[in-house]
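The values are calculated or read from the model by the stated rules, or taken from the named source; none is laboratory data. The structure presented is a predicted model; accordingly, all values stated were derived computationally and were not measured. Don't worry about glycine lacking a Cβ; one is built from the backbone with ideal geometry, like all the others, and counts go over all protein chains shown.
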Amino acid sequence: MSLIISLIGFTALAMMVHELGHLLAARSCNVAASELGLGMGPRLFGFRLGSIRFNLRAIPLGSFVMLDGASLKEKSVRAQLLVHLGGVVFNLVAGFLTYGTTFGWLNLLLAAGNILPLYQHDGWKCGVTIMRALLRRKSEPAERAFTFSGGFVSLLIAWAIVRMFI
């Protein structure tokens, strides 16, 4: 029972590390953020620190930082990539600093999962940002093809990882 509680606690902490990475990267690029949430759905409780609301939500799946998307899209490609990869970088740093612990492995796992080009994950957002920069415009057919192929590649990677252990 204590193992399950510690896994839940460390997972929540790793997700907060991830979102703080996005938040600090956004702040360094002058992109406004209004909320950092742990979980989805209705807000259970929260507090405000400066201009950001920190909220715990009812459904314990995922986490997010609410950024000003219009402001982010106006930034350079380098700044957009920095913001999208900020969480992965923080998880990698936390994972290597605490390597060999449950918290370290959870951070590394979260970084690896977020860098995959799955729809709305950090890897997908980076891919779309790079694709738009290369095409110099938004292209729905190209983005649909990238989303489909990214999902397929992620599935192959997950299958290969499972096969390594089975």
If you take the residues in the range 25-76 that are among the basic types (Lys, Arg) and surrounded by fewer than 15 Cβ atoms within 10 Å (Cβ to Cβ), which one is nearest to Lys138 (Cα to Cα)? Lys73
Residue in the range 140-157 that is under 16 Å from the mean Cα position of the chain (by Cα), assigned to a helix (DSSP H, G or I) and within 24 Å of Cys29 (Cβ to Cβ) present: no
Restricting the range 1-48 to residues that are outside any helix (DSSP H, G or I) and small (Gly, Ala, Ser), which is farthest from the chain's Cα centre (by Cα)? Gly46
State yes or no: is Gly113 surrounded by fewer than 18 Cβ atoms within 10 Å (Cβ to Cβ), under 12 Å from the mean Cα position of the chain (by Cα), modelled with pLDDT under 95 and outside any loop (DSSP other than H, G, I, E, B)? yes
Of everything in the range 116-148, what is in contact (Cβ under 8 Å) with a residue 24 or more places away in the chain and surrounded by fewer than 16 Cβ atoms within 10 Å (Cβ to Cβ)? Give them in sequence order. Tyr119, Ile130, Ala133
Filter pass, Gly62 being free of Cβ contacts under 8 Å to residues at least 24 places away in the same chain and in contact with a strand residue (DSSP E or B) (Cβ under 6 Å, 6 or more places away or on another chain): no
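Looking only at the range 77-109, count every residue that is in contact with a helix residue (DSSP H, G or I) (Cβ under 9 Å, 6 or more places away or on another chain) and not in a helix (DSSP H, G or I) and tell me the total.
3
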